[in-house]
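First up is the structure itself, then whatever we jot down about it.
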Amino acid sequence: MSKVMEIKKLGKSCTINGSKRILLENMDLTIEKGQFICIIGSSGCGKTTFLELLAGFQQPDTGIIFHDNIKVSKPETSRIMIFQDFNQLFPWKTLYENIMFPLKNVRKNLSYGKMKEIVENTLEMVSLRDYGSYYPHQLSGGMKQKSAIARALALKPEVLLMDEPFGSLDAQIRSQLQRLLLDVWKKTGVTIIFVTHDIQEAILLSDRIVMMDKNPGRIKVVINNDIQRPRNIMDKDFIALYGKLLNLLDNGPF
């Protein structure tokens, strides 16, 4: 594999009530093309801040982030972030129009026919082919998250940055979306960096698990997840890795 992102000596701080607080410190990580990375850690360890730095929404105080050997200095469509919030779509546009919108504004060299083909194929990929005429308020939370994934995939990003996208869904819908995301990942080869508070979800999805520590936020350990796919939560290797990760976590609440 070739590396797609490289993080070197990354640091970030903020000022709260006149006092400086270090959010992230001395973070080093290399991410290979096509990998599925899950980031876990206790609340306040800087998982979301780290993801926003990778996206280019924020800039580090120290260190550097490379994407394809180019310094990350701003958001790019080659790296797209998907949030936990269900309201990521334009409410006045249909689902079809929501996915078409970034194509019209970013991939202007494409013919309308090609854009239409991309939208239809993307809706098919996330099992929403029959919902293109629906408005966001007519979609369930799970369907809205599928829609956000579809809109991102339409632009063919190299990296998907996902900040607890299934965290507010019930267990059944969450399980369905986990399976769908794995299917999309296999079909597209996109690199996924996925923040979650759920150890089980991290083991089900990832190639590698990055565990973060806090005060300040830093990488505590990176663990390769070699459990054979498809994974079963009752498998002895799954249970063993779950126990290992649980023991490594802080005692504080997630």
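Quick note: the coordinates plus some simple rules give every number you see, no bench work behind them. Note that this is a predicted model, so its numbers are computed, not measured. Positions of Cβ are backbone-derived with ideal geometry, glycine not excepted, and every protein chain shown enters the neighbour counts.
Whole number please: convex hull volume per residue of the Cα set in segment 109-254, in Å³?
146
Pairs to check: 93/114; 20/144; 114/187. Give those whose C-alpha atoms are more than 27 Å from each other in this structure.
Distance filter (> 27 Å) returns 20/144.
For segment 1-97, what is the per residue volume of the convex hull drawn over the alpha-carbon atoms, in cubic angstrom?
Dividing the Cα hull volume of segment 1-97 by its residues yields 152 Å³.
Pull out the extension gain between residue 6 and residue 188, defined as 0.36 nm times the separation in residues minus the alpha carbon to alpha carbon distance; nm, one decimal.
63.4 nm
In what sequence do 20, 146, 9 fall when counting other Cβ within 10 Å, fewest first?
Ascending number of Cβ neighbours within 10 Å: 20, 9, 146.
Cut-off 10 angstrom, C-alpha nodes, Gaussian network model of the chain. Which of 133, 147, 111 fluctuates the most?
Among 133, 147, 111, the largest mean-square fluctuation in the Gaussian network model of the chain belongs to 111.
Could you compute the FRET efficiency for residue 110 and residue 244, with r as their C-beta to C-beta distance and R0 at 45 Å, rounded to 0.05?
E(calc), rounded to 0.05, equals 0.45.
So what is the relative contact order of the chain, in percent, for Cα pairs below 8 Å that sit 6 or more residues apart?
Answer for the chain is 27 percent.
Normalised radius of gyration for the chain, please: alpha carbon Rg relative to 2.2 N^0.38 Å, two decimal places.
Normalised by 2.2 N^0.38 Å, the Cα Rg of the chain equals 1.03.
Compute for segment 86-156: radius of gyration divided by Kirkwood radius, i.e. Rg/Rh, restricted to C-alpha atoms, rounded to two decimals.
In segment 86-156, Rg relative to Rh is 0.94.
Counting pairs of alpha carbon atoms under 8 Å apart in space and at least six apart in sequence, what relative contact order in percent does segment 86-156 give?
51
Going down the table (71/116; 8/47; 8/214; 146/236; 47/236), which pairs top 27 Å between alpha carbons?
Violating the 27 Å limit, Cα to Cα: 71/116; 146/236; 47/236.
Tell me, 47, 220, 236 in order of fewest to most beta-carbon neighbours within 10 Å?
236, 220, 47
Cut-off 10 angstrom, C-alpha nodes, Gaussian network model of the chain. Which of 129, 218, 208 fluctuates the most?
129
Can you tell me the dipole magnitude for the chain around its Cα centre, using point charges on the Cβ only (Lys, Arg +1; Asp, Glu -1), in Debye to the nearest 20?
540
Pick from 105, 215, 224: which is most flexible by mean-square fluctuation in a GNM of the chain where alpha carbon atoms under 10 Å apart are linked?
105
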